[in-house]
Amino acid sequence: MAKMMKVDTSQAPPLEAAVAVRDDHDLLNPGTPFNPGWVEDIHINASAVERRTDSLKNRRSLKKDWQAAWLLRAVSCMDLTTLSGDDTPGRVKRLCSKARNPVRQDILKALGAQSLGLTTGAVCVYHSMVETAVTALKGSGIPVAAVSTAFPACMAPLETRLAEIRASVAAGAMEIDIVITRHFVLTQNWRALYDEVCAYRKACGKAHMKTIISTGQLATMNNVAKASMVCMMAGADFIKTSTGMEAVNATLPVSLVMIRMIRRYRELTEFKVGFKPAGGVSSARDSLNYLVLIKEELGDKWLGPELFRFGASSLLGDIERQLEHFVTGHYSASHRHPIA
Amino acid sequence: MNVAEIFKTMSYGPAPEATDKVDQWLQDHQEHSLLLIDGQWVAPSSGDYFDSINPATGVVLGKVAQANAADIDKAVKAARAAQPAWQELSGHQRARYLYALARLMQKHSRRLAVLETLDNGKPIRESRDVDVPLAVRHFYHHAGWAQLMRTELPGQQAVGVVGQIIPWNFPLLMAAWKVAPALAAGNCVVLKPAEFTSLSALMFGELCQEAGIPAGVVNIVTGDGETGAELVKHPDINKVAFTGSTDVGRLIKQQTAGSGKKLTLELGGKSPFIVFDDADLDSAVEGLVESIWFNQGQVCCGCSRLLVQEGIADTLIERIKTRMATLRVGDPLDKGVDMGAIIDPSQRERIDALVKQGVVEGATLWQPEGACPESGCFYPPTLLTDVESSNVVAREEIFGPVLSVLSFRSQQEAIDLANNSRYGLASSVWSENINRALDVAPQLKAGVVWINSANQFDASCGFGGYRESGIGREGGMEGMYEYLKPRDNKPMEQGIPMPQPQASPQGAADAGIDHTAKMYIGGKQARPDSGNSTQVLAVDGRVVGLVGEGNRKDIRNAVEAAYKAEGWSKTSVHNRAQILFYIAENLSYRDEEFARRLIALTGASSEEAKAEVEAAIERLFYYAAWADKYDGSVHQPPIRGVVLAMNEAIGVMGIACPDGSPLLAFISMLAPVIAMGNRAVVIPSQRYPLIATDFYQVLETSDLPAGVVNIVTGERELLSKVLAEHNQVDGLWYHGTAQGSMVVEQVSVGNLKRTWVNHGRARDWMSSEQGEGKQFLREACQVKNIWIPYGDSI
């Protein structure tokens, strides 16, 4: 099994923050016993949540150098993802190469950002591509994340799902993005959800576990909040909105609800849990809205890849174009940036 | 800081809004701005100008003209001259003008927003996303009212020339709230912007010209409080519309007393923000940000009193503090700033003095560290805990970013604390239990209730206060009525002079068992406190009975009884209708007796007397019919949710009756008042009180709960003055002399009660046009708008 916390620094220098995190086992959320009171206590007002995210979009504004720096930060928090039935080793290798060099060097140079050693936060693939990715990323310090547990529908037997986690960890995945049994949420069977995620947690071993709750299938904001809380109690290192396959994926309102649960869980336990919106975040502007939301609601500590990730496939392209525009003053075109 | 450093710190940088277009405008007006009178920009006759200052920087933006009485007179004359033609335009033609103005404001929205922020100090985010869009929306909405006036407001016409005085906290938006409905209804206006913030009104005046609005329809006169006072005083205005402090509102009501000028007042508040233990606390915290930390807390309807259920108080306060620390206070032109500058150093000092006083009285002060820039007129977001209800910061309007926290145990205690205020403008209720929220909302004495939200506004929803927070509504149909009067509002007849009875030596008319007419208080017959009685003379001069000589203590007792009968305001409309029908039925059993009494007292012919009794019975039917039909409405502002506009009882109402048609007038005023759920203290016809004292026997047999109707006989002018001055009386209808009308308006300012007086003009109570109608129902109600956002699905 790959040592997830060790980072090979022989190649591109890793991000300072990222090094610190990956060396520190203590940041893992050990979870807590099942505490139904923490779930019952939850009240979410969807309209008020939406008003907050609507207003926040216009409450903060990032211009010029600030916009560029924040976009670079977004890149560093990105789980560059390919989850397609026609993925091939060649495709995955290309993605990994993009993860190592997500932004053209001349642009980074113009921004004075070469010293940052910018990479994406991770590369996210299906189990069968884990080995390819691990090999391709060797020495970069970029972890491989594997979606697991019969992603995306979670409809396989539990044993099969646990075996899939173990296999991916054995293949070198440092991060496991698991999916949950949605009907536990829809039938308010919180104990069953807790037990399931605990079992996943155990199977992950030292790999980081990101629990995908599939907000778009959970029907209500209250369910989103409660599922988030239960997954954190069961030891999730990250809570993640969506598989990217649901009809509705990450939105700012569901993200706000989850983020507030992270804050609440921290108040209750002092454990920090990360957040990953996935699916639907495709523009540079979107990514800034998310970063602002995180900064405002959780604070600066959460603004790095150790506690925040975007699950995205097309976002990087837009950020690259925006950065080139900032550097040159001219609008860019997609074909000017290496394809992922 | 370079990109790599920002990457590490993840700080926010500056994001200034460009001001070049507004700088140009200011430069073009640098010499001095002028007054818009009769379509021309003219210099003030005083030749005086004062500075308009950017409160964030202290920089002088320009010179503003100081208008005096002569300028006001010119402006009023121009408005008067323009008004007939403006009113004669079709609604559609006026709608076109208002639509053009809405479009122009949209086209110049950024310029308006930047100018507003420069002049007022509010964050550009607010002027750009709140003030200007809401102002535009107001013109769209009222273009619609102009278009629909003929069919939807039949029988109504413009009041004439309106003097409008607006405050400095939302300069452009308040101008829109004033001008749009006035113009839609066919009025012409003289608008007086606040001294601190005149500039956006002047830019608005230019847009009026660009929209081709005829000369004299909109006149804009800048100046200080004196200018406003001259406008209020001007004898040729038909209405005053004022938004500002309660103290000035009181003065205006006093000054316009007896003048017949229609009045709307939007005044101060100390609105409650109630958080129950089943609320979404994080969202409630954000609600506070939208409420008390909106516009630096300089919002009349900002919820400055947090009432929190005890079990969650500590948690909520911690979360509020955490949130306060992330509020960014600073350059209002920065697009990333949450709170801008306080309007003026004098205002800042006032805020600070009240906060300090609150601390002296026991409050604990908390402010985030280093919140404010070092220069400029700023005040940090402020939290005061350990506030008891007697503390000045729990009672006085601070008009700054200061939140006072009180706690409660139960829903009932929350309501009691919320209503423990002289004000009644707005309120905010947070609970995820819809049963609770919808139960609490009607019990709050406030013109607006925001459920799980705060500071929501829309042109379609009326806005205005209960109690000392104001009179009248702005927005929606109820707002339109404030700028209308019944068409054919011919001066009412002065009334047929009543025959003067001569005291006759013949003595009592009936030599039967002594009949003692008592007062009727709290469902019981009551002797007068004075122990004195007055003879009631028939038209032929014979003494037909004695009635008690009511005094202030009788009024006190009657008001107390009416106050206690609050169950009537909550009883079902069906029940109220049923009882009114029953009163009519019981009166009809005794129609001959009442007719005889009328003949004996007034000298009416038998036909006349019978007709009056029949009319009284029919009128009771009329209001019984309305009791369960005068519904509120459901508005659909641009939110996912609804707004319920509920017609609520005013509360305890006084009624002073005329002498003419003594039975019918008494019924015509009493029936709508109780039909709408008010409890009444009635001073019946001074000359013919026996009609009313006979009537309480009808009430006693009609299942009317004790205290709903109380009758105090005696001298009308004396007793109505006591009622007008009584601070537990919420409304007063007076039908008597011009002098008495003036007194009632003048002395009712203690609690700013709703008054409706006849200015000495008699109504023809027998006619359905003058003696009954929806106007009576409107005057017997106040509209509460309850905002109910909903939705839980993803």
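Since every read-out is calculated from the coordinates, none of them should be taken as a lab result. Note that the coordinates shown come from a computational prediction; the quantities given were computed from them, not determined experimentally. Heads up, the Cβs are rebuilt from the backbone with ideal geometry, glycines too, and the neighbour counts pull from every protein chain shown.
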### Message
Can you sort B:Trp168, B:Trp733 from fewest to most other Cβ atoms within 10 Å of each residue's own Cβ?
### Response
B:Trp168, B:Trp733
### Set of lysines with alpha-carbon distance to B:Lys524 below 25 Å, sequence-local pairs under 8 removed
B:Lys553, B:Lys564, B:Lys570, B:Lys721
### Query
What ranking do A:Ile44, B:Ile166 get, fewest neighbouring Cβ atoms within 10 angstrom at the top?
A:Ile44, B:Ile166
### Fully extended contour minus Cα-Cα distance, from A:Ala153 to A:Asn189, at 0.36 nm per residue
11.2 nm
### Query
Within straight cross-link reach of B:Lys77, meaning Cα distance under 27 Å, which lysines are found once same-chain residues fewer than 8 apart are removed?
B:Lys63, B:Lys178, B:Lys192, B:Lys233, B:Lys239, B:Lys253, B:Lys261, B:Lys262, B:Lys485, B:Lys490
### Query
Nearest 0.05, what FRET efficiency do B:Tyr589 and B:Ser767 give at R0 = 25 Å with Cβ-Cβ as r?
0.40
### Task
Return the sequence-ordered ³J(HN,Hα) values of segment B:701-709 in whole Hz as given by the Karplus equation 6.51 cos²θ - 1.76 cosθ + 1.60 applied to θ = phi - 60°, using x for Gly and Pro.
9, 10, 6, 6, x, 4, x, 6, 10
### segment A:107-135 and segment B:696-728: distance between their alpha carbon centers, rounded to Å
84
## Note on the structure
B:Val634 and B:Met1 label points (each 7 Å along its Cα→Cβ direction) are spaced in nm at 5.0
### Query
Order of B:362-372, B:213-223, B:548-558, B:57-67 by packing, highest average Cβ count within 10 Å first?
B:213-223, B:548-558, B:57-67, B:362-372
### For residues of A:62-75, the mean tally of beta carbons on other chains within 10 Å
5
## Note on the structure
Taking 0.36 nm per residue of separation between B:Gln255 and B:Arg103 and subtracting their Cα-Cα distance, the length gained on full extension comes to 50.9 nm
### Message
Compute the angle between helix A:190-204 and the longest alpha-carbon principal axis of chain A, please, reported from 0 to 90 degrees and rounded to the nearest 10.
### Response
50
### Query
Where the centre of each part is set by its Cα atoms, how far does segment B:233-307 sit from segment B:48-124, in angstrom?
22
### Task
Return one number: the angle in degrees, 0 to 90 and rounded to the nearest 10, between the long axis of the Cα atoms of helix A:221-233 and the longest principal axis of the Cα atoms of chain A.
90
### Message
If the reach is capped at under 26 angstrom between alpha carbons, list the lysines near A:Lys93, excluding any in the same chain fewer than eight residues apart.
### Response
A:Lys3, A:Lys6, A:Lys109, A:Lys138, A:Lys206, A:Lys210, A:Lys240, A:Lys276
### Message
Please list, by residue number, everything in segment B:193-236 whose backbone N is under 14 Å from a paramagnetic label point 7 Å out along Cα→Cβ of B:Gln40.
### Response
B:215-216
#### Entry: Net charge over other residues, Cβ less than 13 angstrom from the Cβ of B:Asp48 (K, R count +1; D, E count -1)
-4
#### Entry: Peptide B:274-286, shielding by other chains (average Cβ, 10 Å cutoff)
5
### Message
Quick check: the distance between the Cα centres of segment B:368-386 and segment B:442-488, to the nearest angstrom?
### Response
32
### Message
Give me the one-decimal nm value for the distance between modelled label points at A:Asp41 and B:Tyr790, 7 Å along each residue's Cα-to-Cβ direction.
### Response
3.0
### Task
Report the label-to-label distance for B:Asp703 and A:Ala219 in nanometres (one decimal), using points 7 Å from each Cα along the Cα→Cβ vector.
4.5
### Message
Taking R0 as 45 Å, what FRET efficiency do you get between B:Lys233 and B:Val60 from their Cβ-Cβ distance, rounded to the nearest 0.05?
### Response
0.90
### Residues of segment B:247-269 with amide N under 12 Å of a point placed 7 Å along Cα→Cβ from B:Asn727
none
### Query
Full extension from A:Cys198 to A:Ser283: what is 0.36 nm times the residue separation minus their Cα-Cα distance, to one decimal in nm?
27.1 nm
#### Entry: Folded to 0 to 90 degrees: helix B:171-185 orientation relative to chain B principal axis, Cα
40
### Task
Return B:His142, B:His234, B:His32, A:His183 ranked ascending by Cβ neighbour count within 10 Å, so the fewest neighbours appear first.
A:His183, B:His32, B:His234, B:His142
